[in-house]
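Q: What follows is a single structure, and I will ask about it in a moment.
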Amino acid sequence: MFKLRSCAVAAILCLQPACNPSQNRDSIQPQPVSPAVKTSKVEAPAVFVTRHQVEKGSSIYQTLKSEGLNPQTILELVKAAKPILPLQDVASETAFELTWDGPERNTPLKLALRHAADSSLVIERNGPGLEWTASRIEHPITVVQKTFHGFVSNSLWESAEFVGMDPTLITSLAEVFAWQIDFNREVRRGDRWRLTVEQKLVDDKTIGWGNILVAEYENNGQVYTGIRFPAQGEKASYYFPNGQSLKRMFIKSPIKFGRITSGFSRSRFHPVLHVHRPHNGVDYGAPSGTPVMAVGSGTIESIGRKGGSGNMIKIRHNGTYSTAYLHLKGFATGLRKGSNVEQGQVIGYVGSTGLATGPHLHFAFYENGRYMDPLGLRFPSADPVAKNQLPKFNQLVQNALRTLPDWQLAQQDTPSGDKHPTDDTHTVLR
Ligand SMILES: [Zn+2]
């Protein structure tokens, strides 16, 4: 039914000279239309199509009015569209097309708009004065596999941006290895990575990303491989090819992308107090308001303002380990002493409360009440792939690894240091 409708649309539009079906399909996609060419006219023997865009901060009602539709016609369109899409819900800057009875633009016969990546609304009538009928055209989503690969000159973020990955996908990649690599301090020039991800397409255009199916990151010469198993489903997790889980008791950093401004040290010069004293934690520089995550699940032992520590949260993970997060701008809502938190849960935001020269997170890690440098400590892993699932998993591993691009390709993606200035705005993303 929808297919037929789709064909009918193409047939009408193709009465225009010098057009092809693929252009027509594009014409109702929400592409930005430059204001200068907001209305384009093509002479046509039978009908006349104009393209428009709901103006910024305006409504489709206003835009239709300024295109010459009379209030009565607009009301009829609103009424016809209502069961499918209330026209007042159409976002500003949505592109749409009007089909007229001729170049004089006396009578509109059709309104077509792409209100979502996978769905269009078409309201049409057979002639002046006739009833409008509205229908939805669904644009099927296809899922394909896409690979990316990169070579790190400065940061994972920069190398992934360089090869065209969007921020959500870069974050997903960092999340796969959150237990193995602290992307703030362990990334080295010369690291490389590759992955296979599900790409969601509508009409050959990317509308989003699905799961990363397999990813490899070579950090300082050591290769980590994460394979999603089962490939689908909410309970899926990442495993090494031998079936061991990548998940550990603690993720390696409480901040996804920041930068280390001061490491753990038994003695350092204090920037505010100007005395030598131990630095019992790791400082992560990041913009004020950056989310701070609990590195492991546990119970909040204390939360509140505490002298030079500023706003601080301390979490007890078990009888042995605790962590503390200092100088926070504020806490995530709903948290109090005794609250349970999950690994990776946002508990607060980077700030500069207490004794701090600027916004940063001071992160402290305790083993049996003693300060420890978390780097280099090894923690127990989550459960491996169940024995009875191993044959299935091993098969998946073989297939997944075959989808990865060659390492040699990653080598070629070197962003030149000169072409990518490491300005401050870039630095904070690392
Ligand atoms: Zn510190």
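Q: If I filter the range 316-335 down to residues being polar (S, T, N, Q) and more than 16 Å from the ligand (Cβ to nearest atom), which single residue comes out as farthest from SER253 (Cα to Cα)?
A: Per the stated criteria, the residue is THR333.
Q: I would also like to ask the following. Considering THR99, THR73, which residue is surrounded by 13 or more Cβ atoms within 10 Å (Cβ to Cβ), out of contact with any Gly (no Cβ under 6 Å at 6 or more places or on another chain), touching a residue at least 12 places away in the same chain (Cβ under 8 Å) and assigned to a strand (DSSP E or B)?
A: THR99
Q: Also, I was wondering about something else. Residue by residue through the range 178-228, note down the ones that are closer than 18 Å to ASN154 by Cβ and of a type in the set (A, V, I, L, M, F, W, C).
A: Those that are closer than 18 Å to ASN154 by Cβ and of a type in the set (A, V, I, L, M, F, W, C): ILE181, PHE183, VAL187, TRP193.
Q: Based on this model, can you work out whether PHE379 counts as open to solvent by less than 50 Å² (accessible area, probe 1.4 Å) and more than 16 Å from the ligand (Cβ to nearest atom)? Don't jump to the end; show me each part of the working.
A: Working: open to solvent by less than 50 Å² (accessible area, probe 1.4 Å): yes; more than 16 Å from the ligand (Cβ to nearest atom): yes.
Spelling it out, PHE379 is indeed open to solvent by less than 50 Å² (accessible area, probe 1.4 Å) and more than 16 Å from the ligand (Cβ to nearest atom).
Q: Please list, ordered by first then second residue, the pairs with beta carbon atoms under 7 Å, 6 or more apart or interchain, first in the range 139-151 and not assigned by TED's automatic domain parsing to the domain that holds ALA112, second small (Gly, Ala, Ser) and outside any strand (DSSP E or B).
A: The qualifying pairs are HIS149/ALA410; GLY150/SER159; GLY150/ALA160; GLY150/ALA410; PHE151/SER159; PHE151/ALA410.
Q: Here's a follow-up. Give me the pairs: first residue in the range 319-340 and free of Cβ contacts under 8 Å to residues at least 60 places away in the same chain, second residue surrounded by fewer than 11 Cβ atoms within 10 Å (Cβ to Cβ) and of a type outside the set (A, V, I, L, M, F, W, C), beta-carbon distance under 7 Å, and six or more apart or on different chains, which are they?
A: THR320/ASN368
Q: Next up: Tell me yes or no: at least one residue of the range 240-258 is of a type outside the set (A, V, I, L, M), modelled with pLDDT under 90 and within 16 Å of the ligand (Cβ to nearest atom).
A: Within the range 240-258, one or more residues are of a type outside the set (A, V, I, L, M), modelled with pLDDT under 90 and within 16 Å of the ligand (Cβ to nearest atom).
Q: Still on this structure, please answer the following. Suppose we filter GLY307, GLY296, GLY358, GLY338 for residues that are open to solvent by less than 50 Å² (accessible area, probe 1.4 Å), out of contact with any strand residue (DSSP E or B) (no Cβ under 6 Å at 6 or more places or on another chain) and within 16 Å of the ligand (Cβ to nearest atom); which single one remains?
A: Residue meeting the stated conditions: GLY358.
Q: Here are GLU158, GLU131: which of them is open to solvent by 20 Å² or more (accessible area, probe 1.4 Å) and either assigned by TED's automatic domain parsing to the domain that holds PHE363 or at pLDDT 90 or above (or both)?
A: Sole residue among the options that is open to solvent by 20 Å² or more (accessible area, probe 1.4 Å) and either assigned by TED's automatic domain parsing to the domain that holds PHE363 or at pLDDT 90 or above (or both): GLU131.
Q: Given the conditions (1) without any contact (Cβ under 8 Å) to a residue 60 or more places away in the chain; (2) more than 29 Å from HIS362 (Cα to Cα); (3) surrounded by fewer than 22 Cβ atoms within 10 Å (Cβ to Cβ), report the number of the one that TYR224 does not fulfil.
A: Condition not satisfied by TYR224: (2).
Q: May I pose another question? Counting just the residues of the range 319-335 that are modelled with pLDDT under 95 and in contact with a strand residue (DSSP E or B) (Cβ under 7 Å, 6 or more places away or on another chain), which one comes out least open to solvent (accessible area, probe 1.4 Å)? Talk me through it step by step, then tell me what you get.
A: Residues of the range 319-335 that are modelled with pLDDT under 95, as a first pass: 319-321.
Checking which are in contact with a strand residue (DSSP E or B) (Cβ under 7 Å, 6 or more places away or on another chain) leaves us with 320-321.
Details: THR320: 50, TYR321: 34 Å².
By that ranking, first place goes to TYR321.
The values are calculated or read from the model by the stated rules, or taken from the named source; none is laboratory data. Note that the structure is a prediction, hence the values are computed from the model and not measured. Because the Cβ atoms are built from the backbone with ideal geometry, glycine has one as well, and the counts that use them run over all protein chains shown. Accessible surface is based on the protein model in full, side chains and every heavy atom, while ligands, DNA and RNA are left aside. Shrake-Rupley method; radii C 1.70, N 1.55, O 1.52, S 1.80 Å.
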